[in-house]
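Notes for the one structure printed next.
The values are calculated or read from the model by the stated rules, or taken from the named source; none is laboratory data. Source: prediction; values computed, not measured. Cβ placement follows ideal geometry from the backbone for every residue including glycine, while neighbour counts extend to all protein chains displayed. Note: accessible area is taken over every heavy atom of the protein model, side chains too, but ligands, DNA and RNA are not part of it. Shrake-Rupley method; radii C 1.70, N 1.55, O 1.52, S 1.80 Å.
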Amino acid sequence: MVITHILLFLDFVQKELLLFGSLCFLVGSIDDLVFDGLWIFHCLKRRLFVYSVHQRATVESLNDISSDCRLAIFVPAWQEAPVIGAMLTRCLQQWTSSSYRIYVGCYPNDGETIAAVAAASSGTAKIRLVICRQDGPTTKADCLNHLWDALCRDEVEEKDNYAAVILHDAEDLVHPQALRLFGHLIGRATLIQLPVIPRRAKRSRWIAGHYGDEFAELHGKQMVMREALGASIPSAGVGCAFDRDALQNLAVRTKGKPFDAGSMTEDYELGLNLTGGPARGIFARLHDQHGQLVATQEFFPEKLEDAIRQKSRWMAGIALSGWDRLGWKKSWRENWMRLRDRKASFAAIVLAIAYVAIILTGVLLLAELFGACRLQPVSESLELLLFVNAGFLTWRLLMKGYFVFALYGFREALLSLPRTIVGNLINILAAWRAIGHYLDQLSGRPANWEKTRHFYPETEHVQQLRPNNAIGKRNG
């Protein structure tokens, strides 16, 4: 009798959770469907009225960087000895322009990284090693501010200013023509963001692979539509160029520190602050003559704990503290995009509730099968809601599969379907950790640099990309 009452109570809870989760999923799905419709309309418009008249450009068709367009590349590094040398060497080999300098920020208590940078910079003035004033780790923004100070001192001594500041990480695979594209566009906007393409070792099909699924859609659709709608463009922290004068104007207002060391996602906030209002940001999707996107490729975490740690920082910085720090704007377009950015943590909680309801459903069906109780039937309204949501879920999986197929191929597109569960579980665990991050920040605890382990492709057998990127050809 007691067991029966417990099962009936669980049946009631299960249906309430199903109802709550289904209503939240319906609202989110309608939002996604409207956004998808706008993206499809945008692509059709460009195909019919732009690319039917004008030939698609390639990055090689752009003018070479003029000698007076100096570009500074900032690479903050904490415990990056295994990867920083290969990354810098590759950049020096593939960038033939004389109008750039790579500023690498290291810490005095990280001798291995300093040695790796010193070895890579031997015999060239293209790499400038900058040692931070205090032991690490501090924050990525603090390291970037040290690089900014070094750049300003060099400009005074050389009596020549840079045109742009480009951000990269120590593990990035940078496209050979990226500087040409930055140099061509930087005079037209305060921020230029290139697509980011996650790579993974073959042994990390599920954890690292789910980043590829998310970024394929994020940088194939979401960022494209942000620019098309006239909303601000967030920086991804890598593969992005900031107008040097815009950073200087921001530094004047922030006591010489354009990168906010108090933010957990300083790159995201910096992009929104510099491209809001009359300022413009460009999300640049351009191919080279071989059909490959001019993009930044990098390896993402392949272990569960690293992925949770990284995504919890993103959630805490964008969805939670970003709400406090950046607020809302008067533009409906801007507020819509910020709402989409900030719903990640809430969506993870809803997903957790939905998974609990699914587990309860399985338990209760087994109990009914063995005659332990007789369950109450699902109401017609809830049944209809579940049916509609099943259709929305199918559409969502097809959209994701399309973007993954266009970037990585058919096999990865199929894997993206079960990988959705992996991504959801990572996001659920990251959301709970993000709440802890946020509470720590509210209590005044200083932020620090949470290290993510990196590796570089010279020492790993990696997954290959498709030779031809279909998304870029459709989106321009």
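So, Gly436, is that one surrounded by fewer than 20 Cβ atoms within 10 Å (Cβ to Cβ), on the phi > 0 side of the Ramachandran plot and not acidic (Asp, Glu) or not? It is false that Gly436 is surrounded by fewer than 20 Cβ atoms within 10 Å (Cβ to Cβ), on the phi > 0 side of the Ramachandran plot and not acidic (Asp, Glu). Find the residue count for the stretch 271-300, including only residues that are touching a Leu at 6+ places or on another chain (Cβ under 9 Å) and within 19 Å of Ala178 (Cβ to Cβ). Result for the stretch 271-300: 16.
Kindly indicate whether any position in the stretch 237-259 is in a helix (DSSP H, G or I), of a type in the set (Lys, Arg), out of contact with any Pro (no Cβ under 6 Å at 6 or more places or on another chain) and open to solvent by less than 40 Å² (accessible area, probe 1.4 Å).
Yes - at least one qualifying residue is present in the stretch 237-259.
Listed here are the helices (runs of 4 or more DSSP H) enclosed by the stretch 314-372 that have at least 3 residues being modelled with pLDDT of 90 or more, more than 16 Å from the chain's Cα centre (by Cα) and under 27 Å from Pro301 (Cα atoms): 344-369. Each residue in the stretch 154-186 was checked for being within 20 Å of His287 (Cα to Cα) and more than 20 Å from the chain's Cα centre (by Cα), and 9 pass.
When Arg396, Arg445, Arg474 are screened for being open to solvent by 30 Å² or more (accessible area, probe 1.4 Å), more than 17 Å from Arg199 (Cα to Cα) and at pLDDT 95 or above, only Arg396 passes. Among the residues of the stretch 193-214, the ones that are touching a Ser or Thr at 6+ places or on another chain (Cβ under 9 Å) and of a type in the set (Asp, Glu) come to 1 in all.
Looking at the stretch 326-363, which of its residues are among the basic types (Lys, Arg) and over 21 Å from Gln222 (Cβ atoms)? Write out each step before concluding.
Quick first cut of the stretch 326-363, residues among the basic types (Lys, Arg) only: 329-330, 333, 338, 340, 342-343.
Residue satisfying the conditions is Lys330 alone.
Cβ separations smaller than 6 Å between residues 6+ apart or across chains give the following pairs from the stretch 208-219 residues that are within 17 Å of Trp395 (Cβ to Cβ) to residues that are assigned to a helix (DSSP H, G or I) and among the β-branched types (Val, Ile, Thr): Asp213/Val404; Ala216/Val404.
Have a look at Ala367, Ala344, Ala319 and point out the one that is crowded, with 18+ Cβ neighbours inside 10 Å and over 22 Å from Gly28 (Cα atoms). Outline the logic, then answer.
Working: Ala344 fails: over 22 Å from Gly28 (Cα atoms); Ala319 fails: over 22 Å from Gly28 (Cα atoms).
On inspection, the qualifying residue turns out to be Ala367.
Of the residues contained in the stretch 135-153, one or more are found to be surrounded by fewer than 16 Cβ atoms within 10 Å (Cβ to Cβ) and more than 30 Å from the chain's Cα centre (by Cα). Of the residues making up the stretch 88-102, one or more are assigned to a strand (DSSP E or B), buried (at least 21 other Cβ atoms within 10 Å of the Cβ) and either among the charged types (D, E, K, R) or without any contact (Cβ under 8 Å) to a residue 60 or more places away in the chain (or both).
Of all residues in the stretch 125-158, exactly one satisfies the criterion of being assigned to a helix (DSSP H, G or I) and β-branched (Val, Ile, Thr), namely Val156. Taking residues in the stretch 147-162 that are among the aromatic types (Phe, Trp, Tyr), and partners anywhere that are assigned to a helix (DSSP H, G or I) and open to solvent by less than 80 Å² (accessible area, probe 1.4 Å), the pairs with Cβ atoms closer than 8 Å and at least 6 places apart or on different chains are Trp148/Leu247; Trp148/Ala251; Tyr162/Leu151; Tyr162/Glu155; Tyr162/Arg244. Say whether the condition of being touching a strand residue (DSSP E or B) at 6+ places or on another chain (Cβ under 9 Å) and either assigned to a helix (DSSP H, G or I) or within 19 Å of Ala150 (Cα to Cα) (or both) is met by at least one residue in the stretch 284-301. Checked against the condition, which is being touching a strand residue (DSSP E or B) at 6+ places or on another chain (Cβ under 9 Å) and either assigned to a helix (DSSP H, G or I) or within 19 Å of Ala150 (Cα to Cα) (or both), the stretch 284-301 yields no hits at all.
Considering every residue within the stretch 110-130, establish whether at least one is among the basic types (Lys, Arg), open to solvent by 10 Å² or more (accessible area, probe 1.4 Å) and within 18 Å of His168 (Cβ to Cβ). Yes, the stretch 110-130 contains a residue that is among the basic types (Lys, Arg), open to solvent by 10 Å² or more (accessible area, probe 1.4 Å) and within 18 Å of His168 (Cβ to Cβ).
Considering the conditions (1) within 21 Å of Val174 (Cα to Cα); (2) basic (Lys, Arg); (3) assigned to a helix (DSSP H, G or I), Lys311 is excluded by exactly one of them, (1).
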